[in-house]
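S.K.: Pasting in a structure now, in structure tokens, and then I'll have a few things to ask.
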Amino acid sequence: MTMTSVPDRMRRHHLDIEQVLQEARQSQGIRSADEIDYAILERSGTISVIRNKD
């Protein structure tokens, strides 16, 4: 199995970090990418953001 980098996967789905951060701000009040554990592009096209546990 070939592993692709996160930026490559984001590009493939026409996403950029600003879109992820926008969703994080709107849904959870997250201000920085450092506060994000991971983000999931859902089948519906929405982005689910999981906050770090720290």
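The values are calculated or read from the model by the stated rules, or taken from the named source; none is laboratory data. Please read all numbers here as calculations on a predicted model, not as lab measurements. Methodologically, a virtual Cβ is constructed for each residue, glycine included, from the backbone with ideal geometry; neighbour enumeration extends over all protein chains shown. Remember, those area values only see protein heavy atoms, side chains included, never the ligands or the DNA or RNA. Shrake-Rupley method; radii C 1.70, N 1.55, O 1.52, S 1.80 Å.
S.K.: Say a site is exposed when it is one of the trypsin sites (Lys or Arg not before Pro), sits in a DSSP loop, and has at most 15 other Cβ atoms within 10 Å; what is then the longest site-free stretch of the chain?
M.R.: Value returned for the longest uninterrupted segment is 1-30.
S.K.: If you don't mind, another one. Name the long-range amide H neighbours of R51: under 5 Å, sequence gap of 5 or more, or other chain; modelled H, no Pro or chain starts.
M.R.: Sorted by chain and number, the residues that satisfy this are D37.
S.K.: Roughly to the nearest percent, how much of the accessible area of the chain is carbon and sulfur, given a 1.4 Å probe?
M.R.: 50
S.K.: What angle do you read, to the nearest 10 degrees and between 0 and 90, between the alpha-carbon axis of helix 17-28 and the longest principal axis of the chain?
M.R.: 40
S.K.: Between D54 and E18, what FRET efficiency comes out of the Förster formula 1/(1 + (r/R0)^6) with R0 = 22 Å and r the beta carbon distance, rounded to 0.05?
M.R.: Efficiency for this residue pair is about 0.40.
S.K.: Ok, one more. Over the chain, calculate the relative contact order: mean separation of alpha carbon pairs under 8 Å at least 6 apart, over the residue count, as a percent.
M.R.: 25
S.K.: Further question: May I have the extent of the alpha carbons of the chain along their three principal axes, as whole Å values ordered from largest to smallest?
M.R.: The principal-axis extents, from largest down, are 34, 24, 17 Å.
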